[in-house]
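What follows is a short report on a single structure.
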Amino acid sequence: QVQVVESGGGLVQPGGSLRLSCAVSGSIFGIGAMGWYRQAPGKQRELVSQITAFSIIYYADSVKGRFTIFRDDAKNMVYLQMDSLKPEDTAVYYCNVWVRPGELLESKGYWGKGTLVTVSS
């Protein structure tokens with residue numbers, strides 16, 4: 001079993017900052033790509049940022065220059081530093097990680113339950 005738990009969401013004013021954290025635990029042989037998705041009300045879930053095991057990073061155009069993703073492999077954590085937040089960043093943010101549960105097992109994608117980020121004055 002693999003558990004993925006996000007934290008760090010909340011209410012912030014426009015222009016403010018938040019740092020999201022995602023902790024991965026359980027049966028872990030190795031972790032590949034780790035990423036953050038978000039889903040705003042009435043919209044589809046979209047990829048915000050992703051970092052591979054080799055630290056190749058992707059950012060959606062809407063967050064480039066404002067968000068920073070980084071991982072701590074020693075702690076099985078991934079973070080999303082969000083600066084200069086805008087009301088349109090309001091969404092539930094989900095952590096997605098690719099985990100290899102055992103040496104002879106294939107990698108599989110796991111999701112957290114999400115953390116709500118609200119940007120409003």
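What follows is calculated from the coordinates using simple rules that are stated; it is not laboratory data. Keep in mind that this is a model prediction, so the values were computed, not measured. All Cβ positions, glycine included, derive from the backbone under ideal geometry; neighbour counts span all protein chains shown.
Obtain the radius of gyration and the Kirkwood radius of the chain from its C-alpha atoms and give Rg over Rh.
Details: Rg = 14.2 Å, Rh = 14.5 Å.
Result for the chain is an Rg/Rh of 0.98.
Going by average Cβ neighbours within 10 Å, how do the peptides 41-54, 94-107 rank, with the highest at the top?
On the way: 41-54: 13.4, 94-107: 16.1.
By packing density, highest mean first, the sequence is 94-107, 41-54.
Dipole magnitude of the chain about its Cα centre, charges +1 at Lys/Arg Cβ and -1 at Asp/Glu Cβ only, in debye to the nearest 20? Don't jump to the answer; show the numbers that get you there.
Details: 12 positive and 10 negative charges, 30 e Å.
Charge dipole of the chain: 140 debye, to the nearest 20.
What pairs from 86/108; 43/75; 75/108 go past 24 Å between their alpha carbons?
Result: 86/108; 43/75 exceed 24 Å.
Taking the Cα atoms of region 1-55, report the difference between the largest and smallest coordinate on each principal axis, in whole Å and largest first.
Its Cα atoms span 40, 23, 21 Å along the three principal axes.
So how strong a dipole does region 1-65 carry about its Cα centre when Lys and Arg Cβ are +1 and Asp and Glu Cβ are -1, to the nearest 20 debye?
Working: 5 positive and 3 negative charges, 19 e Å.
Here the size comes out at about 80 debye.
Binning every alpha carbon pair distance of region 30-71 at 5 Å from zero, what are the percents per bin?
Reading the bins upward from 0: 6, 23, 28, 22, 13, 6, 2.
Multiply the residue gap between residue 47 and residue 11 by 0.36 nm, knock off their C-alpha separation, and tell me the result in nm, one decimal place. Kindly include the intermediate steps, with their values, before the conclusion.
Working: separation 36, 0.36 × 36 = 12.96 nm, distance 2.12 nm.
Roughly 10.8 nm would be gained on extension.
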